[in-house]
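Below is one structure; the comments refer to it alone.
The values are calculated or read from the model by the stated rules, or taken from the named source; none is laboratory data. Not measured: the values here are computed from a predicted model. Because the Cβ atoms are built from the backbone with ideal geometry, glycine has one as well, and the counts that use them run over all protein chains shown.
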Amino acid sequence: MQMELNPYAKFQAGRDPIEIISSTPTQLTKLAERLPANQLALRPPQGKWNAREIVAHLADCELVFSLRLRQTLADDHPTLQPFFDQDRWAARYANCDMASALSLFGATRNWNLLLLAGVTEAERKRPASHPERGTVTLWMIVETMAGHDLNHLQQIERLAG
């Protein structure tokens, strides 16, 4: 069964994805500043990730998105690595501190934004094959990044609430 092309589109609601992904590092830093240190390790009631783990997940995802963007720009219709097992990656988040996760996310996001700043309209349409989603374009990857950011920003906002 094929997944939807961008399961995070509902979070984006038509907003410019570059505007969203450009603002995420600052928003994450501001949210992290609102969280007391002891709260970074607290579990949400549903047993989901805490704020520190969500930011570590975003940093991991940014690495994955970075590779996908570059593959799509460099290769002709590449096959992208499907989604990784986020729970297996998250099993190691106990060693990750908030400052390191924010730093990695911010630096990698900046690097991706610099890459995207030079993308032409034709390059936005470059296709790639996603084994779980089918054919996606470079711009669909960017839109997925934006929606993914908004989803997790909302989660952290609720935790900081």
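What pairs come up if the first residue lies in the stretch 137-161 and is of a type in the set (Ser, Thr, Tyr), the second is modelled with pLDDT under 95, and their beta carbons are under 7 Å apart, counting only those six or more places apart or on different chains?
Note: pairs meeting the criteria are 144/6; 144/8.
Just a yes or no: is a residue in the stretch 119-128 touching a Phe, Trp or Tyr at 6+ places or on another chain (Cβ under 9 Å), aliphatic (A, V, I, L, M) and at pLDDT 95 or above?
yes
Return the residues of the stretch 47-68 that are assigned to a helix (DSSP H, G or I) and either without any contact (Cβ under 8 Å) to a residue 60 or more places away in the chain or touching a Lys or Arg at 6+ places or on another chain (Cβ under 6 Å) (or both); say none if nothing qualifies.
Taking the stretch 47-68 first, the residues assigned to a helix (DSSP H, G or I) are 51-68.
Hits for the stretch 47-68 are 52, 53, 56, 59, 60, 62, 63, 64, 66, 67.
Taking residue 72 and the conditions (1) surrounded by fewer than 16 Cβ atoms within 10 Å (Cβ to Cβ); (2) under 17 Å from residue 17 (Cβ atoms), which numbered condition does it fall short on, given that it satisfies the others?
(1)
Which residue, of 26, 108, is part of a helix (DSSP H, G or I), within 26 Å of residue 130 (Cα to Cα), of a type in the set (Val, Ile, Thr) and modelled with pLDDT of 95 or more? Spell out the reasoning first.
Values: 26 fails: within 26 Å of residue 130 (Cα to Cα).
The conditions single out 108.
Check 71, 86, 81 and return the single one that is out of contact with any Gly (no Cβ under 6 Å at 6 or more places or on another chain), modelled with pLDDT under 95, more than 22 Å from residue 25 (Cβ to Cβ) and among the polar types (S, T, N, Q). Steps first, answer last, please.
Numbers: 71 fails: modelled with pLDDT under 95; 86 fails: more than 22 Å from residue 25 (Cβ to Cβ).
Selected residue: 81, the only one of 71, 86, 81 that is out of contact with any Gly (no Cβ under 6 Å at 6 or more places or on another chain), modelled with pLDDT under 95, more than 22 Å from residue 25 (Cβ to Cβ) and among the polar types (S, T, N, Q).
List every residue pair whose Cβ atoms sit under 6 Å apart, with the two residues 6 or more apart in sequence or on different chains, where the first one lies in the stretch 103-114 and is closer than 12 Å to residue 58 by Cβ and the second, anywhere, is crowded, with 17+ Cβ neighbours inside 10 Å.
So the pair list comes out as 104/59; 105/58; 105/59; 105/62; 106/25; 108/62; 109/25; 109/62.
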